[in-house]
Amino acid sequence: MTTEVRVPTLGESVSEATVATWFKKPGDSVAVDEMLCELETDKVTVEVPSPVAGKLAELVAAEGDTVGVDALLATIAEEGNAGPEETKPRAEPDPKPAKEEAAQTVDIMVPTLGESVTEATVSTWFKKSGDTVQADEMLCELETDKVSVEVPAPAAGVLGEILAKEGDTVQANGKLAVMTRGGEGQAHSADEGTPETTEKPGGMGGKDVEDAPSAKKMMAEKGVSRDAVTGSGKDGRVMKEDVMKALAGTAPSAAQNAPAQPAQQRAPVAAKDADREERVKMTRLRQTIAKRLKDSQNTAAMLTTYNEVDMTEVMALRNEYKDLFLKKHGVKLGFMSFFTKACVHALSEVPEVNAEIDGTDVVYKNFVHMGIAAGTPSGLVVPVIRDADAMSFATIEKSIAEMGAKARDGKLSMAEMQGGTFTISNGGVYGSLMSSPILNPPQSGILGMHKIQDRPMAINGQVVIRPMMYLALSYDHRIVDGKGAVTFLVRVKEALEDPRRLLMDL
């Protein structure tokens, strides 16, 4: 008996991958869950394990081939499983052999979670046992230390037993549930029956459109009715930002009454007050944020130095060229590209701010992977703009916009949040006038931006009103001396107050 090895579900909006590496060749013996090959998509690398034990019979897709979801990769000749399979038709004559053979049991597995991530928590099941599901319809949502991972149905069929309940911790490549694939009235693969091809003509489509799991979760937490939210996704699919808009525009009280996270150390609570409290378990992301921030304080010798920058020249330059910039590059010219360029310039002069400690060694980075801290409804994340030192203003702005959108939608992969060498945090977007940012370990520096505020300044003996911003550099004093930290911040200030210095490399 032969078993087909097919391309697993690659994630929402990802429809194809490239076969990167085959770890086995035809004739090789393979064990259950042994890695057969590796696929690469635009965002992540996906490992394909063997579903059965046996011998690899034929490679259908060679290295370098582009394959779609559910495409046939290879076949495996099973060992020792033929007996039980052959007894089934003998025990009960089958008047419809073709349809019986079409019904297959498929394991719903934990997808690849990212480098160094070994477990996740089952956050929400959107389906229950016995429910009919379409190919790529979301079954459940998992939470890791960094991101939420959606698990779609690999094919159309019926969801069987759910093995991992909500709140359970599951290991990478663990089994979540089983489903029956194919059979009477069910398509065999995503190509044979997607929501678009199975929807009845003339239908409204509302029942067949699966809202984003993050949106469902937020609607449930905030008590927002589905009818009160206008979906902006494909076929009217409700996304997380649609729920946020509904909260801001039509249900501000829901946002104001969101349950607060309980403190670690609680004082005694009166009985009448306890009845009015609501206890909500911290998400894995929030737990990880809390742990990493506290570890940063406990590990690094953290110190903060401050300065202020006159934003007059940057604002004038931006106002002069923003329309032409948008027309040519298709992206708005913001302040973040100026700050990124200024930091890159300063890091070249003070390289210890871009370094990290490894044991008794100092590791200097001859590149800049810039972390851009972003607040999301789920918590703080820091996507990384790689090789920012080699980017133009337009490329930086495009990269920041792309990463920001992924952060808001919860679509950032682990790889996109790892490897940063320095971080910029913009508290000014929330109105912060002054703050002391916390280091993002193992980095040695983080720059805090703040609100631009008109203030009276003494310029050439006269008092004038200027748009001023406070800057804060938190740094690890174990590796960065006070002189280096102050020099870094002064260089950032000089570059922003006279942007021409960036062009002249001064």
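The values are calculated or read from the model by the stated rules, or taken from the named source; none is laboratory data. This one's a predicted model, so the numbers in the text were calculated from it and none came from an experiment. Neighbour counts run over all protein chains shown; Cβ positions are idealised from the backbone, glycine included.
Taking each residue of segment 413-426 that is under 21 Å from Val363 (Cα atoms) and looking for partners that are basic (Lys, Arg) and at pLDDT 85 or above with beta-carbon atoms closer than 6 Å, six or more apart or interchain, yields Thr421/Lys365. Of the residues making up segment 433-459, those that are surrounded by fewer than 20 Cβ atoms within 10 Å (Cβ to Cβ) and in contact with a Gly (Cβ under 8 Å, 6 or more places away or on another chain) number 4. If you check Gly419, Gly482 for being under 22 Å from Ala300 (Cα atoms), surrounded by fewer than 16 Cβ atoms within 10 Å (Cβ to Cβ) and within 19 Å of the chain's Cα centre (by Cα), only one passes: Gly419.
Selection of segment 471-500 for residues being within 20 Å of Pro441 (Cα to Cα) and of a type in the set (Gly, Ala, Ser) yields Ala472, Ser474, Gly482, Gly484, Ala485. Within segment 58-69, one or more residues are surrounded by 20 or more Cβ atoms within 10 Å (Cβ to Cβ), within 20 Å of Ala135 (Cβ to Cβ) and touching a Ser or Thr at 6+ places or on another chain (Cβ under 9 Å).
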